[in-house]
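Undergrad: Starting off with a structure, shown below.
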Amino acid sequence: MQTILGANGQIAIELARELDRAGAGELRLVSRTPRKVNDADDTRSADLLDAEQTGSAVAGSETVYFTAGLPADTALWEARFPTMLRNALDAAKAAGARFAYFDNTYMYPQDARVQTEDTPFEPVGPKGRVRAAMARMVLDEMERGDIPVLIARAPEFYGPGRTQSVTNALVIDRLAAGKRPLVPVRDDRRRSLIWAPDASRALALLGRTPDAYGQTWHLPVDPQRPAYREFADLAAAAFDRSSGYTVVPEWLLRTGGMVSPQVRELQELLPRYRHDNLFDSGKFLARFPEFPVTTYAEGLRTIHAEAASRRENRAS
């Protein structure tokens, strides 16, 4: 039994598809209002803030994937995330299950250092401190060794559908709406972005690999690391638009006047956009050299094709 906690999120949905494609066996999807992804999925309703409900949902599992998310709201993160993770870890231990924790990079330094699995935690802001505490909680369980545990860490997403990220909101979604893209802070800084479906496929692969446990892994990114201006130009080309974008200075982003509430809640990450953001996934690619990493050009073309298909379906 493979169990996904937080089963309605984008990473979880693609993870469920990938586990089904890989023949991973019975799949259980857990959230407050779970929905099937594959026809044979077992859905369980549970509030991860409730230890008893979480334990019942995880019972009988061989592997537990923690992909639960919350809206980008600092108060929610502080009040709920650590409890949700603690309940999930305790439930996995009670079931004797392996535990795969999907993580982000909020706890990393916001400077130009290359980010590896050994990068120290130097969080800036309350969300970063929450994610650092959660990562340490998982590392403590890994060190205790009661159950096999791994951490799979991803940088900022870009991707199809309703992918939630700064880059999707400011560049891709605006292009899809016929608007001029916005580039945050500086256009000459290099960015490491992960194609969201790649993150899910890589998480599924790690979870099915016994010797991946007991370690932290950076999920695979396209090693090109384009400057933001280059990414904006690639996106414009994919959408058959002329190149062009507006650089939004940090002070204006901090006012929140030009951006969505989601981006306003991510203000603690804005210092990262002053510097190159270089996420290294060499460890993963050395262990899994056959893993097909989606290039930025391929990903952006896929996003455009999906957006065009949605427009055609609405028109018909």
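Undergrad: Could you grab the pairs with beta carbons closer than 8 Å, sequence gap of 6+ or different chains, first residue in segment 1-13 and on the phi > 0 side of the Ramachandran plot, second one assigned to a helix (DSSP H, G or I) and among the hydrophobic types (A, V, I, L, M, F, W, C)?
TA: Gly6/Ala12
Undergrad: Oh, and also: Residue pairs, Cβ under 9 Å, 6 or more apart or interchain, first in segment 114-137 and touching a residue at least 40 places away in the same chain (Cβ under 8 Å), second of a type in the set (D, E, K, R) and assigned to a loop (DSSP other than H, G, I, E, B). List them.
TA: Every condition considered, the pairs that remain are Val114/Asp276; Val114/Asp280; Gln115/Asp280; Thr116/Asp280; Glu117/Asp280; Lys127/Glu265; Gly128/Glu122.
Undergrad: Mind telling me which of the residues Ala68, Ala92, Ala40 ends up being buried (at least 18 other Cβ atoms within 10 Å of the Cβ), in a loop (DSSP other than H, G, I, E, B) and either small (Gly, Ala, Ser) or touching a residue at least 40 places away in the same chain (Cβ under 8 Å) (or both)?
TA: Working: Ala92 fails: in a loop (DSSP other than H, G, I, E, B); Ala40 fails: buried (at least 18 other Cβ atoms within 10 Å of the Cβ).
The conditions single out Ala68.
Undergrad: A further question on this structure: Working carefully through the options Val37, Val30, find the one that is touching a Ser or Thr at 6+ places or on another chain (Cβ under 7 Å) and either assigned by TED's automatic domain parsing to the domain that holds Ala100 or modelled with pLDDT of 95 or more (or both).
TA: Among Val37, Val30, only Val30 is touching a Ser or Thr at 6+ places or on another chain (Cβ under 7 Å) and either assigned by TED's automatic domain parsing to the domain that holds Ala100 or modelled with pLDDT of 95 or more (or both).
Undergrad: With the checklist (1) touching a Phe, Trp or Tyr at 6+ places or on another chain (Cβ under 6 Å); (2) over 26 Å from Glu18 (Cβ atoms); (3) not basic (Lys, Arg) in hand, flag the one item Trp217 doesn't pass.
TA: Every condition holds for Trp217 apart from (2).
Undergrad: Is segment 16-36 home to any residue that is assigned to a helix (DSSP H, G or I) and of a type in the set (A, V, I, L, M, F, W, C)? Can you show your working first?
TA: From segment 16-36, those assigned to a helix (DSSP H, G or I) are 16-21; that's our starting set.
Those left that are additionally of a type in the set (A, V, I, L, M, F, W, C): 16, 19.
Within segment 16-36, one or more residues are assigned to a helix (DSSP H, G or I) and of a type in the set (A, V, I, L, M, F, W, C).
Undergrad: Additional query: Within the bounds of segment 234-243, is there any residue that is at pLDDT 90 or above, outside the structural domain of Ser200 (by TED's automatic domain parsing) and out of contact with any helix residue (DSSP H, G or I) (no Cβ under 7 Å at 6 or more places or on another chain)?
TA: The answer is yes, given that some residue of segment 234-243 is at pLDDT 90 or above, outside the structural domain of Ser200 (by TED's automatic domain parsing) and out of contact with any helix residue (DSSP H, G or I) (no Cβ under 7 Å at 6 or more places or on another chain).
The values are calculated or read from the model by the stated rules, or taken from the named source; none is laboratory data. This structure is a prediction, so every number in the text was calculated from the model and none was measured. Every residue, glycine among them, receives a Cβ derived from its backbone with ideal geometry; neighbour counts consider all protein chains shown.
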